[in-house]
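K.L.:
Before I ask anything, here is the structure I am working with.
The values are calculated or read from the model by the stated rules, or taken from the named source; none is laboratory data. Quick caveat: nothing in here was measured; it's all calculated off a predicted structure. Positions of Cβ are generated from backbone atoms using ideal geometry, with glycine treated the same way; all protein chains shown enter the neighbour counts.
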Amino acid sequence: KRFKIFVTRNIPQKALDILQPECHVTQWKSDDPVPRSELLKNVPGIDGLYCLLTDTIDGDILTAAGPSLKAVSTMSVGYDHINLAELKRRNIPLGYTPDVLTDATAELTVSLLLATSRRLLEAAEQVRNGGWGSWVPLWMCGSGLSNSTVGIVGLGRIGMAVGQRLKPFGVKRFLYTGRSPKSDSHLLPAEFVSLDDLLLQSDFVIACCSLTPETTDLFKTETFEKMKSSAIFINTSRGGVVNQDDLLEALESGTIKAAGLDVTVPEPLPTDHPLLELENCVVLPHIGSATVETRTEMSVLAANNLLAGLKGHPIPCQVQF
Ligand code: GLV
Ligand code: GLV
């Protein structure tokens, strides 16, 4: 057992089976996030840290870990919870889990879009509470994807997979925006446009971007006002890309028609949050990658990333910084 590592949560056994033969594993054995104080207490002297997106890994944690720390691995594709500058300063590599969750996350994004556009939760609730009177021509009608324009903000791995899944629904045009045009956008095909043009023209606006300083609060009053009043907004990236107070206002006032969110600020969203009272808002508990297969693959990849980093080998999926 050469390496001392700390694992911040219960993770699938398959991942522990990879780590345990080569590491002395200390683990926060819970399905709840490790409290900050426990994290600080457990990192001094470790060689490797295996963390989740619910753990804030900043300079204080890295300083507490000390010079023994050789690698950090997160069981997530997003790494906005990790201070990259602090890692870079200490020359500590970071592993993450792209690709293995692309299909599951795209599938959930499509599910959430359909649940929102076809008002599934609202309709099912009507069946339960006696609101289903008859087959009424315009009752519980939503919006269809046929002949629609879909705008994808962030045409990365997940954004592209979302587009490919939506295409057979008869979408007429795909627009996308982001830092720069993508070389593979012809695969959809999708047209690179400005954010404003995307907002003005899209029937469905889907946020698939990562959370960075440029995308923080990207969706705010000004943004919602540019959207069609019939537009449906979907977010499966990070809650931080949306100003939630502005979104609430846009949904209440009819500035946009509906929203589907798999991510919020905070997570979990308090049960008395006003967004949860709206019929035109579907909120899910950050389950984009939540299939048994995918979560297992993520945990295994994160374990392999960590071991490679500890041994000084090339890390299978390493964040470049
Ligand atoms: C999920 O949100 C992830 O970043 O893996
Ligand atoms: C719907 O059930 C229809 O038959 O139109």
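K.L.:
Within the stretch 84-100, count every residue that is assigned to a loop (DSSP other than H, G, I, E, B) and within 16 Å of ligand 1 (Cβ to nearest atom).
P.N.:
So in the stretch 84-100, the residues assigned to a loop (DSSP other than H, G, I, E, B) come out as 91-93, 96-100.
Still in the list and also within 16 Å of ligand 1 (Cβ to nearest atom): 96-100.
Residues meeting the conditions: 5.
K.L.:
Pairs please, first residue from the stretch 82-108 and more than 20 Å from residue 301 (Cα to Cα), second anywhere and part of a loop (DSSP other than H, G, I, E, B) and within 15 Å of ligand 1 (Cβ to nearest atom), Cβ atoms under 6 Å, 6+ apart in sequence or on different chains.
P.N.:
Close Cβ pairs (under 6 Å, with a partner that is part of a loop (DSSP other than H, G, I, E, B) and within 15 Å of ligand 1 (Cβ to nearest atom)) amount to 108/288.
K.L.:
Is it the case that the stretch 262-275 has a residue that's surrounded by 15 or more Cβ atoms within 10 Å (Cβ to Cβ), in contact with a Gly (Cβ under 9 Å, 6 or more places away or on another chain) and over 18 Å from residue 162 (Cα atoms)?
P.N.:
yes
K.L.:
Just one of 30, 68 is hydroxyl-bearing (Ser, Thr, Tyr), over 19 Å from residue 93 (Cα atoms) and surrounded by fewer than 22 Cβ atoms within 10 Å (Cβ to Cβ); which is it? Break it down stepwise before answering.
P.N.:
Values: 68 fails: over 19 Å from residue 93 (Cα atoms).
Every option except 30 fails the conditions.
K.L.:
So is residue 225 away from ligand 1 (no atom under 16 Å from the Cβ) and among the acidic types (Asp, Glu) or not? Reasoning before the result, please.
P.N.:
Working: away from ligand 1 (no atom under 16 Å from the Cβ): yes; among the acidic types (Asp, Glu): yes.
So residue 225 fits the description; yes.
K.L.:
Within the set of pairs 6+ apart or on separate chains, which have a first residue in the stretch 3-28 that is of a type in the set (Ser, Thr, Tyr), a second that is in a helix (DSSP H, G or I), and C-beta atoms under 8 Å apart?
P.N.:
Short answer, once both residue conditions are applied: 8/39; 26/42.
K.L.:
Right, something else. Show me the helices (runs of 4 or more DSSP H) found entirely inside the stretch 1-71 where at least 3 residues are touching a helix residue (DSSP H, G or I) at 6+ places or on another chain (Cβ under 9 Å), in the same structural domain as residue 301 (by TED's automatic domain parsing) and under 21 Å from residue 85 (Cα atoms).
P.N.:
36-42, 59-65
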